[in-house]
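Enquirer: Just passing along the structure, written as structure tokens.
Any read-out appearing in this document is the output of simple, stated calculations on the displayed coordinates, not a laboratory observation. All values reported here derive from a predicted model rather than from experimental measurement. We place every Cβ from the backbone using ideal geometry, glycine too, and count neighbours over all the protein chains shown.
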Amino acid sequence: MIAIQLSARAYEIDDELRKYVHKKLGRLDKYLPRTHQATGMNVEIFRDPSGKEDNRYKVTAKVSVPGSDIVAETATMNPHSAVDIVEEKLLIQIRKYKDKHTTKRFRVKDLLTGSESSEE
């Protein structure tokens, strides 16, 4: 489970939202490679009173991993839905990070069949 630092600007975070953030974003570390575990996550929830009706709450999440950090942000009318969207964005970026930082293992059978089909 990732250690999450939750902060808010112009908004009071209740216990329900705090539990929801920990439930949704705390389990993202299982998608990271074992050799590149996350050292922490910063989540900021910002309520913009001057924003449009459909963009009142802005959620920004930053996962600290070796190398460059993974950052996702979105703005919606509901903080819970913003957390859901940020979770999906982080999941996509973590998959890209994992593909980039894991070694590719090939089976000899796959290599042989792949080379035969390319010769035809």
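Enquirer: For the chain, set up a Gaussian network in which alpha carbons nearer than 10 Å are linked by springs, and say which option among 35, 102, 76 fluctuates the most.
Expert: 35
Enquirer: Also: Whole-Hz Karplus ³J(HN,Hα) for segment 67-83, in order, using 6.51 cos²θ - 1.76 cosθ + 1.60 and θ = phi - 60°, x for Gly and Pro?
Expert: Per-residue couplings from phi come out as x, 8, 6, 9, 10, 9, 8, 7, 9, 9, 7, 9, x, 5, 5, 5, 5 Hz.
Enquirer: Considering only DSSP states other than H, G, I, E and B, which trypsin sites (Lys or Arg not before Pro) in segment 16-93 qualify as loop sites with at most 14 other Cβ atoms within 10 Å?
Expert: Loop-located and lightly packed - 27, 34, 52.
Enquirer: Summing +1 for each Lys or Arg and -1 for each Asp or Glu, what net charge is found among the other residues whose Cβ lies under 10 Å from the Cβ of residue 63?
Expert: -1
Enquirer: Taking 20 Å as the cut-off for C-alpha to C-alpha distance, list the pairs among 23/62; 30/98; 19/96; 62/96 that go past it. Could you put the intermediate results ahead of the total?
Expert: Values: 23/62 16 Å; 30/98 11 Å; 19/96 27 Å; 62/96 15 Å.
Over 20 Å apart, Cα to Cα: 19/96.
Enquirer: Can you work out ³J(HN,Hα) from phi for every residue in segment 8-19, in order, using Karplus 6.51 cos²θ - 1.76 cosθ + 1.60 and θ = phi - 60°, giving whole Hz and x for Gly and Pro?
Expert: Couplings: 9, 10, 6, 7, 9, 7, 8, 5, 4, 5, 4, 5 Hz.
Enquirer: About its Cα centre, how strong a charge dipole does the chain have in debye, to the nearest 20, once Lys and Arg get +1 and Asp and Glu get -1 at the Cβ?
Expert: Roughly 420 debye, rounded to the nearest 20.
Enquirer: Check each of the chymotrypsin sites (Phe, Trp or Tyr not before Pro) in segment 1-107 and keep only those in coil by DSSP with at most 16 other C-beta atoms within 10 angstrom; list them in order.
Expert: When the chymotrypsin sites (Phe, Trp or Tyr not before Pro) of segment 1-107 are filtered for loop state and at most 16 Cβ neighbours within 10 Å, 106 remain.
Enquirer: Only one of the values [x] 19.0, 65; [y] 15.2, 50; [z] 14.9, 45 was calculated from this structure for Rg and Dmax of the Cα atoms in Å; name its label.
Expert: Among [x] 19.0, 65; [y] 15.2, 50; [z] 14.9, 45, the one calculated here is [x].
Enquirer: Which value at 222 nm does the chain reach when only helices count, each DSSP H run of 4 or more adding -39,500 (n - 2.57), with the total divided by all residues and rounded to the nearest 500 deg cm²/dmol?
Expert: -12500 deg cm²/dmol
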